[in-house]
Each structure stands twice: as C-alpha cells, then as structure tokens.
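The numbers here are math on the coordinates, done by the rules we state, and not lab data. Computed from a predicted model, the values in this text were never measured in an experiment.
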Amino acid sequence: MAVLYLAMRRRQASVTSALLATVALALGTSMWSTASRGLWQHGPLILCFSLAIFFLSRQPIRLADAALAGFALGYAVLIRQTAGLALMTITLALLTLNWRAALALVLASAPPSW
C-alpha cells in the first residue's frame, strides 16, 4: 500500500488525499482480507501491481520506467498466470499513448514470465 501512496504523491496528489485513498483501498475493499490470509500469491501479486502502477505514474512515461513496470508485471504473471490479463490490458493502453514504452514493457516482462 505504501507504493500506491508514493505513486499518488508522484502525481502531485495532496498528502491527505493520498493517505485517504490508500487507507480506503487497504481497509475499504477486500484487499486486506484477501492478502492477509494464507493465500500466498496475493501479497506478492499486489506488490507487483503496485510497483507497476508506481513506475507508470510518471508523466511523461520514460522507457526505463516502462521497462521496470514490465519487469514487475512479468513477475506478477510468474506468481499468478491470470495476471497476464492485466499485462495485456496495460500494454494495450500504453500502446495508445507511446508505442516505444509499450515495446519496452513487453520486452522487459518476457524474462520473468518464461
């Protein structure tokens, strides 16, 4: 959750709104309940998604950040294969904004998910 807070602050959100959104996500959704149980894959999966969001939150998106996000998403697919849907969705969304960043994301996501 701390990574999501940092991503919101990177997007120039106020401290109060970043804290409120982070607490709302952590305690107002099933995130806390699901990730805190004995389901081993949820905690690392959420960390990988949070890191990808953090790396993609910079504007304009740099190729290095897109590659780091792809690396995190590649590990998310390694942890749980259904994360591939998120990888495809984020790649398609990024493709509409910056095709070079989308290519960097895909290339960086390949090694962890092999």
Determine the relative contact order of region 2-113: mean sequence separation of Cα pairs under 8 Å and six or more apart, normalised by residue count, in whole percent. 25 percent
Read phi for every residue in region 102-109 and hand back ³J(HN,Hα) as whole Hz from Karplus 6.51 cos²θ - 1.76 cosθ + 1.60, θ = phi - 60°, with x for Gly and Pro. 5, 5, 4, 5, 5, 5, 6, 7
Can you check what the Kirkwood hydrodynamic radius comes to for region 2-113, Cα pairs only, in Å to one decimal? 14.4 Å
From phi via Karplus (6.51, -1.76, 1.60), per-residue ³J(HN,Hα) for region 66-79 in Hz, x at Gly/Pro: 5, 5, 5, 5, x, 4, 5, 5, x, 5, 4, 5, 5, 6
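Report the extension gain between Arg62 and Ser30 in nm, rounded to one decimal, defined as 0.36 nm multiplied by the number of residues separating them, less their alpha carbon distance.
8.3 nm
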With only helices counted (DSSP H, runs n ≥ 4, each -39500 (n - 2.57)), the per-residue ellipticity at 222 nm for the chain, to the nearest 500, works out to -25000 deg cm²/dmol
